[in-house]
Structure formats: C-alpha cells, structure tokens
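Let me begin by presenting the structure, written as structure tokens, before commenting on it.
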Amino acid sequence: MDEPARIASVSRANTNDASVPSGDQGAIDPVAHVAELGGAARAAAETLAASDTATRDAALHAIAAAIERTAESILAANARDLDQARARGLDAALLDRLELTPARVISMASGLRGVAAQADPVGALSASERQPSGLEIARMRVPLGVIAVIYESRPNVTADAAAICLKSGNAVILRGGSEAVRSNREIASAVAVGLAEAGLPAACVQLVATTDRAAVGALLALDEHIDVVIPRGGKGLVARIAEEARVPVIKHLDGICHVYVDAGADRARALAVAVDAKTYRYGICGSMETLLVHADEAAAFLPPLAKAMDEHGVELRGCVRSREVVAGMREATSTDWDTEYLGPVLAVRVVDDLDAAIAHIARHGSGHTDAILTESLSRARAFVRRVDSSSVLVNAATCFADGAEYGLGAEIGISTNRLHVRGPVGVLGLTCEKYVVTGDYATRGPGA
C-alpha cells in the first residue's frame, strides 16, 4: 500500500468507539500509536523546515481542491456525525460547532487558499545590527517543530490546523473528538491526497486513529517529539491539557466577551452591533456574553435591545437597574457574570461610567475579546489601553475576533496566553526566532 493510501486507511480506522463503523475494533494501543505518530512527525518536520514556499503553497492548493472534490463525502460523513451527536444529547452550541454546511466546506477550501496567499514567514530575516565587535546580528523566523492539536466538535479545525501548520513549516498531529470522527477522517483523507500531490510526506499532517482518551494523555507526555500543544474545546478539556501537559500549551479557557455601550453612543448603530455580537453565532468563543450599558443610555437603549433579542429568542438576565428599565427581564445571579453561555442567553448590566465598565471586565472577563461602542475618541483610547484582553475592539462586534477577519486566512485557535502568542493564532504565531550572527572569521580572544 502506498503512503497516501496508508494514511487514508489509518484515518478511517477507529478502535475505541463502538458507535463508529470500524473493521479493527480494539487493535490499536493508543500509547504506542501516538509514539509512532510522534516519531514520524519529527522526521516530517525536518523535511518541512527545509521545504520552499512554493512546495508548501502547492500542498495547500492541492488540499483545497481535494476538499472541494470530496465535499459530498465530507457532508455525508458529517450528517452521520450529527445524527449520532443528537442521539447522544449534545447541546445546541456543540451541534452548531459540529455541523458542516456546503458553505462551511467552501469556507474551509477558501481558508486553505487564503493561507497559501500569505507571505511566508519561514526564513525571513530581520534587519541586521552591527555590534562593536564587528558582528552582524539578525533574527530569523523558524518553525516551532511538531504541533499537537487536540480539539472537540469543530471538524473545520482539521483543515485549518493543517493549513496553518504546513504554511509555517510545522508538522502536526491532530486528535479530534469522537463526535466528529467521521467528518475528521474524510477531511484528513483529502489532506493526505493534497500532500502526496505536492510531494510532501504524509506524516506532515496525521490524524490520531483512535478515540481512546488514553491517546490524549500519551500526546501530552510525548515531550521528546511534540513541541507545543494547542487545545480547542470545552473548559474541561483545556483545563486538563494545561494541567497534564509536559510541553508548552497555547490555550484559552473561556470566551466571556463584553460589549460596553458608552454614553453618547450612536444608539441605532450600537443596537445593530450588540445584536450581531450575540446572535451572529451563539457557539463561537467571540460571541458576546455580557452587555454593559452606561446609565445615561439605559432607558433609551435597553427596551429596543430587549425587543430585538426577544425576536431572536435570546433570554436576558439583568442587574437591578436593567430590570427597572425592562419589565420581565430575569434577575442575573452572581454566576451569570462569569458564565460563557455559548447559547441564546445574555447578561446585562447598567454601569455608571467607563471606569465601572472596565472594572467589571477586569473582574469577570476571560481576557478574550471586549468591545466599546462610543463616539468619544478619548474614551475609546482609554478602553483600548486599559482593557487587558487579547482583542479589544472599538465600534465593532466581538464576533469579528476570528483569524480570517484579521487577515490571517485561518486560525488554529485564539490564545489568551501572554506568552508565546496572543489572540488569533495564525501562521506567524507558529514560528519563533533564532539569532543569525555573521562575522569575518571573528574571534573573541582570551578571556579577561
């Protein structure tokens, strides 16, 4: 069996989920399997790091074309995953993340081509600086090495992670959730075809062939082969990975995103932004979870907001001052300010001023994305300077917190870390720098 066919065959094998058709139940030792993937990924990473931009871009275009050719099979596999997920009682937010539509498949392919169109950071040199010793000091962008991406629900991550890792010269091991196993395998098969067409090793992108949870533990312990772990999923998954991983983790735990309506904001346009921030898609981490409204705007702003949210089926949970303006609004509890709903629920609070809004965000926010709607340049600048989140928006909906919207083509996740990368993680975020030092047969001489 040739290498692309072998990888495609492995990608369809599932050994620990009886609900998924497999001809090889129980045959894979997850620890040994992950170790094998790690060794292959390390070798592939060396090949990728030495590859040129044209080869990696050719792979991305070939994968995009393969996804388009197999769109019908991908959608059929996803329909089976959705049926199984509904039977298991997954909630609406997870179902939304799991679902692939024809438009979302097209978006996956477009994302791959968008990443290919970006400038290649690998090998880029900074301007050199000459030192008194005569040495020329520069910094070069290089891949991180081998990335492990552990994710739930979202099958598009299979394509997005492959795209970003390939462009940045990193090999990647993908471990998706059991709820998306069929979808992930179909997409991984298209990736394998594209890699083969470009002449790159199939091990550049590998999908863990078992849904056994022990495979996650094995990945987290594989520090001899894996350089970085990126989790995408629920708080429990991310917390476990952050606690157990023996390698660095690029993560975010929650997307508790705020929109603050400032005094004097354009009410009609602010209303449109607030509604969009909540209802664009409930299941994304950039969805607004708490609306903060300046006391001077509450009486005029909250009634039309309540009407618009009611039309979308969104439940409002408010503070005392909010409920004085909107009769029938449910009372917010202390836990509502710290909850990522990922559904049609919105917490509402009236605040006295900008300082109070910023204080609320500092206490209850998750460092993901927060926005101000204002006509005041000085207050916009103060909000941007003082709110400590990975994305801070002025007069824009929080749902714009997305790699594609930021011009990254696609993203592998949104990091609330302060090191090594923050915000949507694209191609540049999966590289680091090394020093390149040039001399004229320079010697330092004997020590003092």
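The values are calculated or read from the model by the stated rules, or taken from the named source; none is laboratory data. Predicted model only: the values in this text are computed from it and were never measured. Because the Cβ atoms are built from the backbone with ideal geometry, glycine has one as well, and the counts that use them run over all protein chains shown.
Tell me, please, whether a residue that is without any contact (Cβ under 8 Å) to a residue 60 or more places away in the chain and not in a helix (DSSP H, G or I) can be found in the stretch 182-204.
The answer is no, given that none of the residues of the stretch 182-204 is without any contact (Cβ under 8 Å) to a residue 60 or more places away in the chain and not in a helix (DSSP H, G or I).
When you go through 270, 263 one by one, which is the residue that is assigned to a helix (DSSP H, G or I) and touching a residue at least 12 places away in the same chain (Cβ under 8 Å)?
270
Inside the stretch 128-179, can you point out the residues that are assigned to a strand (DSSP E or B), among the hydrophobic types (A, V, I, L, M, F, W, C) and within 30 Å of residue 444 (Cα to Cα)?
Quick first cut of the stretch 128-179, residues assigned to a strand (DSSP E or B) only: 129-130, 136-143, 146-151, 171-175.
With among the hydrophobic types (A, V, I, L, M, F, W, C) added as a condition, the list becomes 137-138, 140, 142, 146-150, 171-174.
137, 138, 140, 142 - these are the residues of the stretch 128-179 that are assigned to a strand (DSSP E or B), among the hydrophobic types (A, V, I, L, M, F, W, C) and within 30 Å of residue 444 (Cα to Cα).
Of all the residues that make up the stretch 393-402, how many are crowded, with 23+ Cβ neighbours inside 10 Å and either free of Cβ contacts under 8 Å to residues at least 60 places away in the same chain or among the charged types (D, E, K, R) (or both)?
So the answer is 1.
Check the stretch 296-303 and report whether any residue there is surrounded by 22 or more Cβ atoms within 10 Å (Cβ to Cβ), at pLDDT below 95 and either in the same structural domain as residue 349 (by TED's automatic domain parsing) or under 20 Å from the mean Cα position of the chain (by Cα) (or both).
no
Of all residues in the stretch 364-383, how many are in contact (Cβ under 8 Å) with a residue 12 or more places away in the chain, in a helix (DSSP H, G or I) and surrounded by fewer than 18 Cβ atoms within 10 Å (Cβ to Cβ)?
Filtering the stretch 364-383 down to residues in contact (Cβ under 8 Å) with a residue 12 or more places away in the chain leaves 364-376, 379-380, 382-383.
Within this subset, residues satisfying the condition of being in a helix (DSSP H, G or I) are 364, 379-380, 382-383.
Narrowing further to those that are surrounded by fewer than 18 Cβ atoms within 10 Å (Cβ to Cβ): 382.
The number of residues fulfilling the criteria is 1.
Among the residues of the stretch 178-188, how many are among the small types (Gly, Ala, Ser), crowded, with 24+ Cβ neighbours inside 10 Å and out of contact with any Pro (no Cβ under 7 Å at 6 or more places or on another chain)? Before the answer, list the steps.
Going through the stretch 178-188, the residues among the small types (Gly, Ala, Ser) turn out to be 178, 180, 183, 188.
Narrowing further to those that are crowded, with 24+ Cβ neighbours inside 10 Å: 180, 183, 188.
Still in the list and also out of contact with any Pro (no Cβ under 7 Å at 6 or more places or on another chain): 188.
Within the stretch 178-188, residues that are among the small types (Gly, Ala, Ser), crowded, with 24+ Cβ neighbours inside 10 Å and out of contact with any Pro (no Cβ under 7 Å at 6 or more places or on another chain) number 1.
Name the residues in the stretch 395-409 that are part of a loop (DSSP other than H, G, I, E, B) and touching a Lys or Arg at 6+ places or on another chain (Cβ under 9 Å), would you?
Residues satisfying the conditions are 395, 397, 409.
How many residues does the stretch 304-341 contain that are among the hydrophobic types (A, V, I, L, M, F, W, C), under 17 Å from residue 259 (Cα atoms), over 30 Å from the mean Cα position of the chain (by Cα) and not in a loop (DSSP other than H, G, I, E, B)?
1
Looking only at residues in the stretch 341-355 that are surrounded by 19 or more Cβ atoms within 10 Å (Cβ to Cβ) and in contact with a strand residue (DSSP E or B) (Cβ under 7 Å, 6 or more places away or on another chain), which one is modelled with the lowest pLDDT?
Checking each candidate, the answer is 341.
Residue 329 versus (1) in contact with a Lys or Arg (Cβ under 9 Å, 6 or more places away or on another chain); (2) of a type in the set (A, V, I, L, M, F, W, C); (3) within 22 Å of residue 254 (Cα to Cα): which is the lone unmet condition?
(3)
Within the stretch 225-257, which residues are charged (D, E, K, R) and without any contact (Cβ under 8 Å) to a residue 40 or more places away in the chain?
Listed by number, the residues that qualify are 240, 243, 244, 246.
Which of the residues belonging to the stretch 55-94 are free of Cβ contacts under 8 Å to residues at least 12 places away in the same chain and either among the charged types (D, E, K, R) or not assigned by TED's automatic domain parsing to the domain that holds residue 198 (or both)?
Within the stretch 55-94, 72, 83, 86 meet the criteria.
Kindly indicate which of 123, 134, 176 is among the small types (Gly, Ala, Ser), in the same structural domain as residue 226 (by TED's automatic domain parsing) and touching a residue at least 60 places away in the same chain (Cβ under 8 Å).
134
Which one is nearest to residue 180 (Cα to Cα), of the residues in the stretch 74-104 that are surrounded by 17 or more Cβ atoms within 10 Å (Cβ to Cβ) and polar (S, T, N, Q)?
Taking the candidates together, the pick is 78.
Do we find that residue 230 is in a strand (DSSP E or B) and under 30 Å from residue 46 (Cα atoms) in this structure? Spell out the reasoning first.
Working: in a strand (DSSP E or B): yes; under 30 Å from residue 46 (Cα atoms): yes.
Considered against the rule, which asks whether it is in a strand (DSSP E or B) and under 30 Å from residue 46 (Cα atoms), residue 230 comes out as yes.
If only one of 209, 163, 239 is of a type in the set (A, V, I, L, M) and either touching a His at 6+ places or on another chain (Cβ under 7 Å) or outside the structural domain of residue 123 (by TED's automatic domain parsing) (or both), which one is it?
209
Pick from the stretch 43-73 the residues that are of a type in the set (D, E, K, R) and touching a helix residue (DSSP H, G or I) at 6+ places or on another chain (Cβ under 9 Å): which of them is surrounded by the most Cβ atoms within 10 Å (Cβ to Cβ)? Talk me through it step by step, then tell me what you get.
We begin by selecting, within the stretch 43-73, every residue of a type in the set (D, E, K, R); these are 46, 52, 56-57, 68-69, 72.
Now drop any that are not touching a helix residue (DSSP H, G or I) at 6+ places or on another chain (Cβ under 9 Å), which leaves 56-57, 68-69.
On the way: 56: 23, 57: 20, 68: 16, 69: 13.
Among residues in the stretch 43-73 that are of a type in the set (D, E, K, R) and touching a helix residue (DSSP H, G or I) at 6+ places or on another chain (Cβ under 9 Å), the one surrounded by the most Cβ atoms within 10 Å (Cβ to Cβ) is 56.
When you scan the stretch 92-127, how many residues do you find that are part of a strand (DSSP E or B) and under 19 Å from residue 411 (Cβ atoms)?
Looking only at the stretch 92-127, we keep the residues that are part of a strand (DSSP E or B), and these are 125.
Those still in the list that are under 19 Å from residue 411 (Cβ atoms) too: none.
Here the count works out to 0.
Do you know which of the residues in the stretch 410-441 that are in contact with a Leu (Cβ under 6 Å, 6 or more places away or on another chain) and part of a loop (DSSP other than H, G, I, E, B) is surrounded by the most Cβ atoms within 10 Å (Cβ to Cβ)?
That would be 426.
Cβ-Cβ distance below 8 Å, separation of 6 or more or different chains: which pairs start in the stretch 339-360 with a residue that is in the same structural domain as residue 384 (by TED's automatic domain parsing) and more than 22 Å from residue 328 (Cβ to Cβ) and end on one that is surrounded by fewer than 22 Cβ atoms within 10 Å (Cβ to Cβ) and of a type in the set (Lys, Arg)?
Hits for this filter: 340/235; 354/379; 358/386.
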